[in-house]
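Below is one structure, written out as structure tokens; the observations come after it.
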Ligand SMILES: Cc1cc2nc3c(=O)[nH]c(=O)nc-3n(C[C@H](O)[C@H](O)[C@H](O)COP(=O)(O)OP(=O)(O)OC[C@H]3O[C@@H](n4cnc5c(N)ncnc54)[C@H](O)[C@@H]3O)c2cc1C
Ligand code: SF4
Ligand code: SF4
Ligand code: FES
């Protein structure tokens, strides 16, 4: 790779090859990177950064393993998710919309400032998810957080100390219990196995 | 670059003419021939003999031989084996198998500690996209699932392990629903099923193309709900034995201060996952940062036997362009809804639903014989024509079903609904591993193994979707069996006698360790 670009972090400029990711650039610069790397595939949320290119006035967040270095990009690594989880035991009787707020009552304090939506590196409309939670729409919340990588940035920036991603994952778990349909084919199959429907065939297969 | 554009134009121009053609499946004989000629598993030069230990005389790739023959960072002189921690069951590795095992141990009432290399959930599990195989549909049965897996595994699967896997599938799926895993559903409430390569029936449960993320998020949340103690950034660097063939604990290394912690445990569950980051035979990989096969040298020098340690899965469709995405997986599920593989001339060359070893071999053949496409950085590949998915299924389907793939490519300004992408096999999965029985116990007593680190279930080639099932089924079984054993056992002596014996075997065989193993991380750091 012949061309190089200059990136800025830790208060100084560094020259790195073009076409590589921010994480690969750190390796290139001799930094081992243990905290701040997990999957290298854009799904674990360990590698969040803020970055600003020279043409932008505002910085944006990104996943370092999914971001190519650009000339005069300024970047900072962000800390991993440190938000506290509330114990949310799942049982059939909690699968209603009130329970979503029950464990995370501060959710109601949302002042609709959009900070969470703005910061989400996955492009999730986090605030809409929070609004849906306040309105008790479990499946709408669940849908919103499908691609959440649990990086925790939304919770880090919320002035009202709401933990949107925690509410999101809880809503997703709840929504399974609250699902209106029943997975009958699955339950039939379990019965068939338990009542020995396949026993004879197994004997044949295993002895062949 | 112009050549690439030209080739891409051909792919697009010929799309309509090939879209409805059903490519014939290979006969068993043709497949055998193709795989033996082109698959990396059959590349003799890449293999070496294991000279010491339980599998002495057998072969595996040189990268793994080196790990097995490596030396420990621990020696009897350098460490006191007085335990700093005592626990009934120690779980090593916090991916899907480890998290499931932890829940299972907790449920049984034993005390449990999870030690993991990065954070809980930073794993191969979180990266899985395509889905998990369970025989659910009325047309399907556990027996068909078994037969498909056996055929896929070249008939070398451990049949007892495989039977247990497929038979437990449905009840495991129910357990996952119970803990709140949001699988895609049909309108009537039934689980939505999709076809996978090498499978005679549609039986992939999934959550869009975020199946692993969904599984791992929920498992992690459930582990936190159970208040299970987790030590993060604390990889295990050596197992401890009582010198009489029982595993009795392990030594963890805190990555932040390099201090060791000696843990005494009645039983140990090893769930350290796969090996992609060894870059076997120079292949790029789809695996997470910590996939360095740590479990293999740890278990092996403590006395546990391996099985099928010579076979690896090279996923046929790893990204080769842009360079920054190299090795990243393009899920097989995209092929199961119609995306076609096309060579540089715009021609198809294989039925996309053959087993992975056959498809990967065919891609390698196309490239070796000059029908591939070269990227600016010198990698080779063939086209995966994803826009066809919308042509066949309706506009918007591709992005709706594969939001993760869309997001990854769009970060590099590639629109997968408009342009085909270049792919080449990527090192993906360790088919074999540490030998276990149906309780997940290895040949070293008290050492249980679950997930990708174990071997036998999948034979010589794992079918798509069988690993996610494997980690939950055997995570649970190992958890249960390890707890039960712990309830009948006292703490055993902590020694490094296995290491001393291993070292003298090394000396006798004239083996000079070339590295310290486990390696924990790949060495990507520039030393200049
Ligand atoms: C990109 C990708 C897509 C995939 N898609 C599918 C799919 O669609 N369907 C399917 O069935 N399978 C799929 N697989 C395979 C499947 O995801 C894995 O095989 C499976 O999740 C492995 O689970 P595990 O718990 O055994 O290992 P992992 O999930 O990898 O967990 C192992 C854990 O152990 C930790 N660890 C490693 N070494 C040490 C040590 N020395 N000490 C302590 N901790 C350690 C690791 O950091 C990690 O957290 C995919 C794999 C990849 C990489
Ligand atoms: S919703 Fe929050 S935790 Fe999830 S990806 Fe977005 S910012 Fe990260
Ligand atoms: S940051 Fe907090 S207060 Fe602001 S919109 Fe998001 S949840 Fe509401
Ligand atoms: S390392 Fe996992 S998202 Fe970047």
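The values are calculated or read from the model by the stated rules, or taken from the named source; none is laboratory data. The structure presented is a predicted model; accordingly, all values stated were derived computationally and were not measured. In this analysis, Cβ positions are derived from the backbone assuming ideal geometry, glycine residues included, and neighbour counts consider all displayed protein chains.
Just one of B:430, B:368 is over 30 Å from residue B:91 (Cβ atoms) and either modelled with pLDDT of 95 or more or surrounded by fewer than 24 Cβ atoms within 10 Å (Cβ to Cβ) (or both); which is it?
Result: B:368 is the single residue among B:430, B:368 that is over 30 Å from residue B:91 (Cβ atoms) and either modelled with pLDDT of 95 or more or surrounded by fewer than 24 Cβ atoms within 10 Å (Cβ to Cβ) (or both).
Residue A:172 passes all but one of (1) within 11 Å of another protein chain (Cβ to nearest Cβ); (2) within 9 Å of ligand 3 (Cβ to nearest atom); which number fails?
Here residue A:172 meets the rest and fails (2).
Give the residue that is farthest from ligand 1 (Cβ to nearest atom), with candidates limited to residues of the stretch A:103-127 that are part of a helix (DSSP H, G or I), without any contact (Cβ under 8 Å) to a residue 40 or more places away in the chain and loosely packed, with under 14 Cβ neighbours inside 10 Å.
Checking each candidate, the answer is A:108.
Residue A:191 passes all but one of (1) within 16 Å of ligand 3 (Cβ to nearest atom); (2) more than 22 Å from residue B:404 (Cα to Cα); (3) out of contact with any helix residue (DSSP H, G or I) (no Cβ under 6 Å at 6 or more places or on another chain); which number fails?
The one condition residue A:191 does not meet is (1).
Would you check which residues across the stretch B:60-88 are surrounded by fewer than 16 Cβ atoms within 10 Å (Cβ to Cβ) and in a strand (DSSP E or B) and list them?
B:86
Going by what's in this entry, would residue B:272 be described as touching a helix residue (DSSP H, G or I) at 6+ places or on another chain (Cβ under 8 Å), assigned to a loop (DSSP other than H, G, I, E, B) and within 14 Å of chain A (Cβ to nearest Cβ)?
No.
Restricting attention to the stretch B:245-254, which residues are in contact (Cβ under 8 Å) with a residue 24 or more places away in the chain and not in a strand (DSSP E or B)?
B:245, the sole residue that qualifies.
For the structure I just gave you, tell me whether residue B:118 is outside any helix (DSSP H, G or I), within 12 Å of another protein chain (Cβ to nearest Cβ), within 15 Å of ligand 1 (Cβ to nearest atom) and in contact (Cβ under 8 Å) with a residue 60 or more places away in the chain.
Taking the combined requirement at face value, the residue satisfies it.
Being farther than 18 Å from residue A:120 by Cα and assigned to a strand (DSSP E or B) is the filter; apply it to the stretch A:69-89 and report the residue that is farthest from the other protein chains (Cβ to nearest Cβ).
A:74
How many of the residues making up the stretch B:183-198 are within 12 Å of ligand 1 (Cβ to nearest atom) and assigned to a loop (DSSP other than H, G, I, E, B)?
The number of residues fulfilling the criteria is 2.
For residue B:190, only one of the following conditions fails: (1) more than 19 Å from the chain's Cα centre (by Cα); (2) farther than 25 Å from residue A:143 by Cβ. What is its number?
(2)
Quick one: in the stretch B:174-189, of everything that is touching a residue at least 12 places away in the same chain (Cβ under 8 Å) and either facing another protein chain (nearest Cβ under 9 Å) or within 12 Å of residue A:186 (Cβ to Cβ) (or both), which residue is surrounded by the fewest Cβ atoms within 10 Å (Cβ to Cβ)?
Filtering the stretch B:174-189 for residues that are touching a residue at least 12 places away in the same chain (Cβ under 8 Å) and either facing another protein chain (nearest Cβ under 9 Å) or within 12 Å of residue A:186 (Cβ to Cβ) (or both), the one surrounded by the fewest Cβ atoms within 10 Å (Cβ to Cβ) comes out as B:175.
Within the stretch B:123-132, identify whether any single residue is away from ligand 4 (no atom under 16 Å from the Cβ), part of a loop (DSSP other than H, G, I, E, B) and in contact with a helix residue (DSSP H, G or I) (Cβ under 8 Å, 6 or more places away or on another chain), and answer yes or no.
Yes, that holds for at least one residue.
Give me a count of the residues in the stretch A:154-169 that are within 12 Å of another protein chain (Cβ to nearest Cβ) and either away from ligand 3 (no atom under 12 Å from the Cβ) or assigned to a loop (DSSP other than H, G, I, E, B) (or both).
Total satisfying the criteria: 1.
Among the residues of the stretch A:8-60, which ones are in a strand (DSSP E or B), away from ligand 2 (no atom under 16 Å from the Cβ) and either within 7 Å of another protein chain (Cβ to nearest Cβ) or crowded, with 16+ Cβ neighbours inside 10 Å (or both)?
A:8, A:9, A:14, A:16, A:21, A:52 - these are the residues of the stretch A:8-60 that are in a strand (DSSP E or B), away from ligand 2 (no atom under 16 Å from the Cβ) and either within 7 Å of another protein chain (Cβ to nearest Cβ) or crowded, with 16+ Cβ neighbours inside 10 Å (or both).
Looking at the stretch B:123-150 only, could you name the residues that are without any contact (Cβ under 8 Å) to a residue 60 or more places away in the chain and more than 8 Å from chain A (Cβ to nearest Cβ)?
B:144, B:145
Take the stretch A:178-193 and flag every residue that is assigned to a helix (DSSP H, G or I) and at the interface with chain B (Cβ under 7 Å from one of its Cβ atoms).
Within the stretch A:178-193, A:184, A:185, A:186, A:189, A:190, A:193 meet the criteria.
Looking at B:53, B:48, B:96, which one is in contact with a helix residue (DSSP H, G or I) (Cβ under 7 Å, 6 or more places away or on another chain), modelled with pLDDT of 95 or more, at positive phi and away from every other protein chain (no Cβ under 11 Å)?
Sole residue among the options that is in contact with a helix residue (DSSP H, G or I) (Cβ under 7 Å, 6 or more places away or on another chain), modelled with pLDDT of 95 or more, at positive phi and away from every other protein chain (no Cβ under 11 Å): B:53.
Any idea which residue in the stretch A:136-153 is nearest to ligand 3 (Cβ to nearest atom), counting only those that are in a helix (DSSP H, G or I) and more than 14 Å from the chain's Cα centre (by Cα)?
Looking at the filtered set, the residue picked out is A:140.
Given (1) over 27 Å from residue A:63 (Cβ atoms); (2) under 23 Å from the mean Cα position of the chain (by Cα); (3) surrounded by 21 or more Cβ atoms within 10 Å (Cβ to Cβ), identify the lone condition not met by residue B:353.
With (1) over 27 Å from residue A:63 (Cβ atoms); (2) under 23 Å from the mean Cα position of the chain (by Cα); (3) surrounded by 21 or more Cβ atoms within 10 Å (Cβ to Cβ) applied to residue B:353, the lone miss is (3).
Within the stretch B:476-524, how many residues turn out to be under 22 Å from residue B:116 (Cβ atoms) and assigned to a loop (DSSP other than H, G, I, E, B)?
Of the residues in the stretch B:476-524, 9 are under 22 Å from residue B:116 (Cβ atoms) and assigned to a loop (DSSP other than H, G, I, E, B).
Which members of the stretch B:14-31 meet the condition of being surrounded by 11 or more Cβ atoms within 10 Å (Cβ to Cβ) and farther than 16 Å from residue B:364 by Cβ?
Scanning the stretch B:14-31 gives B:14, B:15, B:18, B:19, B:23, B:25.
Can you confirm whether the stretch A:168-178 contains a residue that is near ligand 2 (Cβ under 10 Å from one of its atoms), surrounded by 15 or more Cβ atoms within 10 Å (Cβ to Cβ) and either over 20 Å from residue B:219 (Cβ atoms) or free of Cβ contacts under 8 Å to residues at least 24 places away in the same chain (or both)?
no
Pick from the stretch B:223-244 the residues that are touching a helix residue (DSSP H, G or I) at 6+ places or on another chain (Cβ under 6 Å) and not in a strand (DSSP E or B): which of them is farthest from the other protein chains (Cβ to nearest Cβ)?
Selected residue: B:243.
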